[in-house]
Amino acid sequence: MNSLIISRDQFLELEKIATGAFSPLKGFMNEKEFNSVVERMRLPSGEVFPLPVLMDVDKNIVQNIKKYNEIELFFNNEHVGKLKPNDYFSCDRHYIAKKIFGTDDPKHPGVDYFYKLKPVFVGGEVQLLKNPKFGLSSKELKPVDTVRLFKNQGWKTIVGFQTRNIPHRAHEYLQRVALEHVDGLFIQPLVGKKKVGDFTPEAIFNSYDALIKNFFPKNRVLLGFLSTVMRYAGPREAVFHAIIRKNYGCTHFIVGRDHAGVDDWYGTYDAHELTRKFDGELGIEIMRLKGPFFCKKCNTMATENTCSHVKSDFIQQISGTNLRKIISQGKVPNTNIIRKEVLDSLINIKCFIE
Ligand SMILES: [Zn+2]
């Protein structure tokens with residue numbers, strides 16, 4: 001049989017490759033590309049690309065499809081794409097995990113996900129025949145859409161903002177700082193597979209919609225989802241997220257505190273350091289922003305660059321992790337942490353992935 005049933009995650013990867021969101025990739029990685037990306041954070045061509053994009057299959061499937069030059073891809077009985085296989089390979093997963101995630105500990109959610117991939121990877125170019133349609137797919141924009149929308153708005157400089165949280169005041173501060181420098185802000189929450197306890201796509205959409213409608217000037221902000229797996233690869237994923245936003249037409253990208261990190265696996269500003277290594281090569285300018293926090297003495301949002309009370313009791317740290325904790329315990333966080341309008345938008349909807 002020259003057909004292969006793919007998972008939802010694989011369908012989304014296929015779509016991202018085909019629509020150019022993962023450009024310059026044209027297909028799932030073969031072994032040469034995979035090793036080059038793992039070892040050098042570059043494709044064999046030399047272009048920066050920090051994370052593998054893989055099509056994983058079972059061994060018995062390989063026997064079935066190996067003799068074909070083209071495989072038909074199916075999702076939920078629908079013919080959604082094609083793959084021209086050019087390589088079948090596997091790898092030492094502990095070694096690779098250490099390289100990509102800095103650890104081979106399966107307690108790390110990205111490592112755990114990587115270990116659970118099927119044993120063989122199929123490389124090859126792909127073609128998309130049908131667009132994925134999941135819950136909030138209508139809120140998703142393709143690179144061709146955003147490039148057109150930015151042009152229609154007359155925006156020449158656009159900053160991309162990655163998030164997997166509802167907006168708290170620290171996010172908003174970063175967005176406002178960026179908006180002082182560029183024409184438009186593209187908020188693109190990542191809504192692919194995430195872990196238990198993360199915010200649901202509905203919560204993220206409602207809360208951002210409330211923030212934008214109530215506080216940001218008209219025609220300066222665009223909201224559109226990015227449905228792809230969260231890899232929790234910290235610094236490497238920051239570079240990946242920047243490349244994706246370049247592909248969506250952004251000229252700038254915000255990398256804040258512990259970008260794409262999880263628990264304490266990465267240093268607060270490791271992602272700043274790694275993105276700095278590729279300055280001038282990514283085709284997008286990285287805005288490396290610190291903090292911020294709420295300072296009760298300054299009575300405003302601030303950072304270590306703008307406030308002298310950093311090591312005092314005046315400082316109120318704001319993080320998605322804290323916010324999740326407060327909300328999931330049914331408490332109401334104060335308005336220095338999150339706006340009332342944003343919280344109100346979450347009434348009566350399921351906020352967390354179970
Ligand atoms: Zn202060």
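The values are calculated or read from the model by the stated rules, or taken from the named source; none is laboratory data. Owing to the predicted nature of the structure, the values given are computational and were not obtained by experimental measurement. Positions of Cβ are backbone-derived with ideal geometry, glycine not excepted, and every protein chain shown enters the neighbour counts.
Can you tell which of Val120, Val177, Val159 is modelled with pLDDT of 95 or more and outside the structural domain of Gly256 (by TED's automatic domain parsing)? Working first, answer last.
Working: Val177 fails: outside the structural domain of Gly256 (by TED's automatic domain parsing); Val159 fails: outside the structural domain of Gly256 (by TED's automatic domain parsing).
Going through Val120, Val177, Val159 in turn, just one is modelled with pLDDT of 95 or more and outside the structural domain of Gly256 (by TED's automatic domain parsing): Val120.
I'd like to check which strands (runs of 3 or more DSSP E) are fully inside region 1-102 and have at least 2 residues that are in contact with a Pro (Cβ under 8 Å, 6 or more places away or on another chain), within 20 Å of Gly192 (Cβ to Cβ) and assigned by TED's automatic domain parsing to the domain that holds Ala238.
Working: elements: 3-5, 71-75, 78-89.
Per the criteria, no element qualifies.
Could you tell me which residue of region 302-333 is surrounded by the most Cβ atoms within 10 Å (Cβ to Cβ), considering only residues that are near the ligand (Cβ under 8 Å from one of its atoms) and of a type in the set (A, V, I, L, M)?
The qualifying residue surrounded by the most Cβ atoms within 10 Å (Cβ to Cβ) is Ala302.
So Gly154 fits all but one of (1) touching a Lys or Arg at 6+ places or on another chain (Cβ under 9 Å); (2) of a type in the set (Gly, Ala, Ser); (3) outside the structural domain of Met41 (by TED's automatic domain parsing); what number is the exception?
Exception for Gly154: condition (1).
Pick out the one residue from Asn299, Asn348 that is within 16 Å of the ligand (Cβ to nearest atom), within 25 Å of Phe216 (Cβ to Cβ) and of a type in the set (S, T, N, Q).
Numbers: Asn348 fails: within 16 Å of the ligand (Cβ to nearest atom).
Of Asn299, Asn348, the one residue that is within 16 Å of the ligand (Cβ to nearest atom), within 25 Å of Phe216 (Cβ to Cβ) and of a type in the set (S, T, N, Q) is Asn299.
Checking the structure you have, find out if any residue of region 248-271 is within 16 Å of the ligand (Cβ to nearest atom), of a type in the set (Val, Ile, Thr) and free of Cβ contacts under 8 Å to residues at least 60 places away in the same chain. First the steps, then the outcome.
The initial filter retains those residues of region 248-271 that are within 16 Å of the ligand (Cβ to nearest atom), namely none.
No: region 248-271 contains no residue that is within 16 Å of the ligand (Cβ to nearest atom), of a type in the set (Val, Ile, Thr) and free of Cβ contacts under 8 Å to residues at least 60 places away in the same chain.
Whether any residue in region 28-38 is of a type in the set (Ser, Thr, Tyr) and over 21 Å from Glu237 (Cβ atoms) is what I want to check. Outline the logic, then answer.
Initial filter on region 28-38 (of a type in the set (Ser, Thr, Tyr)): 36.
Remaining after also requiring over 21 Å from Glu237 (Cβ atoms): none.
Within region 28-38 (the criterion being of a type in the set (Ser, Thr, Tyr) and over 21 Å from Glu237 (Cβ atoms)), the answer is no, since none of the residues qualifies.
Can you tell me which residues in region 313-338 are under 24 Å from the mean Cα position of the chain (by Cα) and under 18 Å from Asn206 (Cα atoms)?
Gly320, Leu323, Arg324, Ile327, Ser328, Ile337, Ile338, listed by residue number.
Give me the residue from region 282-296 that is within 16 Å of the ligand (Cβ to nearest atom) and under 26 Å from Arg236 (Cβ atoms) and, out of that set, surrounded by the fewest Cβ atoms within 10 Å (Cβ to Cβ). I'd like the intermediate steps shown before the answer.
Step one: of region 282-296, the residues within 16 Å of the ligand (Cβ to nearest atom) are 290-296.
With the extra rule that they be under 26 Å from Arg236 (Cβ atoms), the set shrinks to 290-292.
Working: Lys290: 15, Gly291: 23, Pro292: 25.
The residue in question is Lys290.
When you check Arg276 against the structure, is it closer than 26 Å to Phe240 by Cβ, crowded, with 19+ Cβ neighbours inside 10 Å, assigned by TED's automatic domain parsing to the domain that holds Gln162 and basic (Lys, Arg), yes or no? Steps first, answer last, please.
Details: closer than 26 Å to Phe240 by Cβ: yes; crowded, with 19+ Cβ neighbours inside 10 Å: no; assigned by TED's automatic domain parsing to the domain that holds Gln162: yes; basic (Lys, Arg): yes.
No; evaluated as a whole, the condition is false for this residue.
Condition first: over 20 Å from the mean Cα position of the chain (by Cα) and among the acidic types (Asp, Glu). Can you find one or more residues in region 144-162 that meet it? Talk me through it step by step, then tell me what you get.
Filtering region 144-162 down to residues over 20 Å from the mean Cα position of the chain (by Cα) leaves 148-157.
Checking which are among the acidic types (Asp, Glu) leaves us with none.
Among the residues of region 144-162, not one is over 20 Å from the mean Cα position of the chain (by Cα) and among the acidic types (Asp, Glu), which makes the answer no.
Can you tell me which residue within region 36-48, out of those that are more than 17 Å from Ala242 (Cβ to Cβ) and either acidic (Asp, Glu) or touching a residue at least 40 places away in the same chain (Cβ under 8 Å) (or both), is surrounded by the fewest Cβ atoms within 10 Å (Cβ to Cβ)?
Top of the filtered list is Glu39.
Inspect region 336-354 for any residue being of a type in the set (S, T, N, Q), assigned by TED's automatic domain parsing to the domain that holds Leu211 and outside any loop (DSSP other than H, G, I, E, B) and give the result as yes or no.
Within region 336-354, none of the residues are of a type in the set (S, T, N, Q), assigned by TED's automatic domain parsing to the domain that holds Leu211 and outside any loop (DSSP other than H, G, I, E, B).
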